[in-house]
Amino acid sequence: MLPPLEELQGRKPIARRLRTLAGAGLGYLRLGQPTSTLSGGEAQRLKLATFLESPEAGGRRLFLFDEPTTGLHMSDIDLLYRTLRRLVQAGHGVVLVEHNLDLIARVDWIVELGPGGGVHGGRLLWSGPLEPFLDTVESPTADELRGYLRWPRPGE
C-alpha cells in the first residue's frame, strides 16, 4: 500500500505523484510492486497517472479505456471518475468501454452497440446523452441502468 501522505511532508514531488496515483484509484498498490503483477485496468490507470504527472506534449488527447473499473472498490471508482472528469474539463476526450453501472450513470454520452455480443452485435443502437437513452432505448444496458437508477421504463 502507498505510504500515508503525512509521512512524506517535505518531499512534495513524491507526495504529489502518490496523490496522483491515489486519484486514479491506485492508492492500494505497494511501492516497488512489479508492473507485471498489475491487471489490465490497473495498467491503464497507471498510464493515466503518468500522463497527469507529466503531460509534456501539448494539445488535446483522446484517451481510450477498456473496463478501467474492473476490480475497483466503489470509492476508487469515484476517484477514477473525478480524474477522468478532470481530463474532459481540460479539453481531452475520454472513451470508455465499461459495464460498471455507477460509472455509466455519470457519462456525458452513451454509445450502445448490439443487440447482442460477438456475431450478434456490432450495430449502433444508440449514440447520445443519458436521459434520452433511458427514456427510449430497449436494450439490456438500458434495462440494467434503469433498474440501477430506479428510472421508469418507457411508457410507464
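Here are the numbers for the structure shown:
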quantity: Long-range neighbours under 8 Å by Cβ, at least six apart or interchain, first residue without any contact (Cβ under 8 Å) to a residue 60 or more places away in the chain within segment 20-42, second among the charged types (D, E, K, R) and in a loop (DSSP other than H, G, I, E, B); calculated: G40/E67; G41/E67
quantity: Criterion (charged (D, E, K, R), under 30 Å from F51 (Cα atoms) and either free of Cβ contacts under 8 Å to residues at least 24 places away in the same chain or touching an Asp or Glu at 6+ places or on another chain (Cβ under 6 Å) (or both)) met by exactly one of R146, R85, R106; calculated: R85
quantity: Which listed residue, of E42, E53, is acidic (D, E), in contact with a helix residue (DSSP H, G or I) (Cβ under 7 Å, 6 or more places away or on another chain) and closer than 20 Å to L21 by Cα; calculated: E53
quantity: Sole residue being more than 28 Å from E138 (Cα to Cα) and at pLDDT 90 or above, chosen from P34, P55; calculated: P34
quantity: Number of positions in segment 99-156 that are in contact with a helix residue (DSSP H, G or I) (Cβ under 8 Å, 6 or more places away or on another chain), part of a strand (DSSP E or B) and modelled with pLDDT of 90 or more; calculated: 3
quantity: Filter result for the condition that a residue is over 24 Å from R45 (Cβ atoms) and surrounded by 14 or more Cβ atoms within 10 Å (Cβ to Cβ), over L103, L130, L125; calculated: L125
quantity: Filter pass, G71 being small (G, A, S), closer than 30 Å to L38 by Cα and touching a Ser or Thr at 6+ places or on another chain (Cβ under 7 Å); calculated: yes
quantity: Pairs where the first residue, in segment 129-143, is touching a residue at least 12 places away in the same chain (Cβ under 8 Å) and the second is surrounded by 12 or more Cβ atoms within 10 Å (Cβ to Cβ) and in a helix (DSSP H, G or I), C-beta under 6 Å, 6+ apart; calculated: L134/R146
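Condition check ((1) modelled with pLDDT of 85 or more; (2) surrounded by 13 or more Cβ atoms within 10 Å (Cβ to Cβ); (3) of a type in the set (V, I, T)) across all residues:
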| residue | (1), (2), (3) |
| --- | --- |
| E6 | no, no, no |
| R11 | no, no, no |
| G27 | no, yes, no |
| A90 | yes, no, no |
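The values are calculated or read from the model by the stated rules, or taken from the named source; none is laboratory data. In this text, all values refer to a predicted model and were calculated from it rather than measured experimentally. Every residue, glycine as well, gets a Cβ built from its backbone with ideal geometry; the counts of neighbours run over all protein chains shown.
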